[in-house]
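Just so you know, all these numbers are worked out from the coordinates, no wet-lab data involved. Please read all numbers here as calculations on a predicted model, not as lab measurements. Positions of Cβ are generated from backbone atoms using ideal geometry, with glycine treated the same way; all protein chains shown enter the neighbour counts.
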């Protein structure tokens, strides 16, 4: 094998690894709390960078107070642009932009777009204050310089955060699985339970040991029960919220996603990645996602449940 061939093999393998990392799942953290926190952090960062590295008042013939007001304006504009952008991302096209299909590549691209928007907004603010002349060259220079400075820290921060979440979720999944294994030899309860439809009429009767999970399906819910050795869905006209209220007295039934209720004792094992968890259902190929908002409660309920 020639040196060139060996070099090309190394390059191809490196490319595959990079591609795998970029296409790996990443948490979509654009809820209102995270949006305000991240936008506030970006605004403060811009203010501090300008305060520490921008030319002093003697260079630009402005008073110290005037300069500080300008710095604050840049930071405030950054906060508003970031807030609107981060809050809007998952709401522009929720079927395409959601946690189930969000990847590291999309996260990096999203942040780069945000940096372009921030640099553009601040550039036009400078032009408005007559501190710079508006030309395409000046605009492109500002954007490219910002990207050049921010590219490496952004990629590094995203990858570090992804690795941290992955490590944390894998560790938690191991702890959850250890507890789930304790349910394996437990004698299942055969209490009979009856679910009512939206009109309050009894509609489905089953044993608790037959219930695996319940999924929202528009104006209906799918109640997945074990019947004759197979897990089959039964449609019931009702909202998931009403069904959750009916099952609130049962310790082992918990909401793990906005669309799912799951019987904890029917979970085979949990699998963690950088996004969160997936629950694998016993005696089936069903995979149920766990939303970030429900992870803490799920772990608490599983670890606190008593055998028997």
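What does the convex hull of the Cα atoms come to per residue for the stretch 3-162, in Å³?
162
Report Rg(Cα)/(2.2 N^0.38 Å) for the stretch 103-196, keeping two decimals.
So the Cα radius of gyration is 2.08 times the expected 2.2 N^0.38 Å.
What is the mean projected area of the alpha carbon convex hull for the stretch 182-304, to one decimal in square nanometres?
The directionally averaged projection comes out at 7.7 nm².
Over the chain, what relative contact order in percent results from Cα pairs under 8 Å that are six or more residues apart?
With pairs under 8 Å counted, the relative contact order is 14 percent.
Once the piece of chain linking residue 36 and residue 48 is laid out straight, how much longer is it, given 0.36 nm per residue of separation minus the C-alpha distance between them?
Roughly 2.5 nm would be gained on extension.
Got the relative contact order for the stretch 182-304 handy, in percent, Cα pairs under 8 Å and 6 or more residues apart?
It comes to 16 percent, rounded to a whole number.
What angle, in degrees between 0 and 90 and rounded to the nearest 10, separates the Cα long axis of helix 64-92 from the longest principal axis of the Cα atoms of the chain?
That works out to roughly 30 degrees.
Could you give the nm distance between label points at residue 17 and residue 207, where each point is 7 Å from its Cα heading toward the beta carbon?
5.3
If packing is taken as the average count of other Cβ atoms within 10 Å, what order do 169-175, 90-96 fall into, highest mean first?
Packing order, densest peptide first, comes out as 169-175, 90-96.
In whole percent, what relative contact order does the stretch 3-162 give with Cα contacts below 8 Å and a gap of six or more residues?
28
Would the stretch 207-266 count as rounded, prolate or oblate if I go by the C-alpha gyration tensor, calling it rounded below 1.5 in a/c and otherwise prolate when a/b exceeds b/c, oblate otherwise?
Taking the square roots of the gyration eigenvalues as a ≥ b ≥ c, the stretch 207-266 is oblate.
Compare the peptides 211-224, 11-24, 107-120 by average per-residue count of other Cβ atoms within 10 angstrom and give them in order, highest first.
Listed from highest to lowest mean packing, they are 211-224, 107-120, 11-24.
Figure the gain on full extension for residue 197 and residue 167 (residue separation times 0.36 nm, minus the Cα-Cα span) and round it to one decimal in nm.
The residue 197-residue 167 span can extend by a further 6.6 nm.
I want to check the label-to-label distance for residue 177 and residue 300. Put each point 7 Å from Cα in the C-beta direction and report it in nm to one decimal.
2.5
Calculate how steeply helix 136-181 sits against the longest principal axis of the alpha-carbon atoms of the chain, using the helix alpha-carbon long axis, and give the answer as 0 to 90 degrees to the nearest 10.
20
In whole Å, what are the Cα extents of the chain along the three principal axes, biggest one first?
Extents along the principal axes, in whole Å: 82, 65, 31.
Helix 3-22 sits at what angle to the longest principal axis of the chain, using alpha carbons and giving 0 to 90 degrees rounded to 10?
Orientation of helix 3-22: about 70 degrees from the principal axis.
Test of understanding: extend the Cα→C-beta vector of residue 258 to 7 Å, then name every residue of the stretch 100-133 with backbone N under 12 Å from that spot.
Only 100 fall inside the zone, counting backbone N under 12 Å.
Would you please put 290-300, 124-134 in order of how densely packed they are, using the mean number of other Cβ atoms within 10 angstrom per residue and starting with the highest?
290-300, 124-134
So what is the 222 nm mean residue ellipticity for the chain from helices alone, if each DSSP H run of at least 4 adds -39500 (n - 2.57) and you divide by all residues, rounding to the nearest 500 deg cm²/dmol?
Computed ellipticity for the chain at 222 nm equals -18500 deg cm²/dmol.
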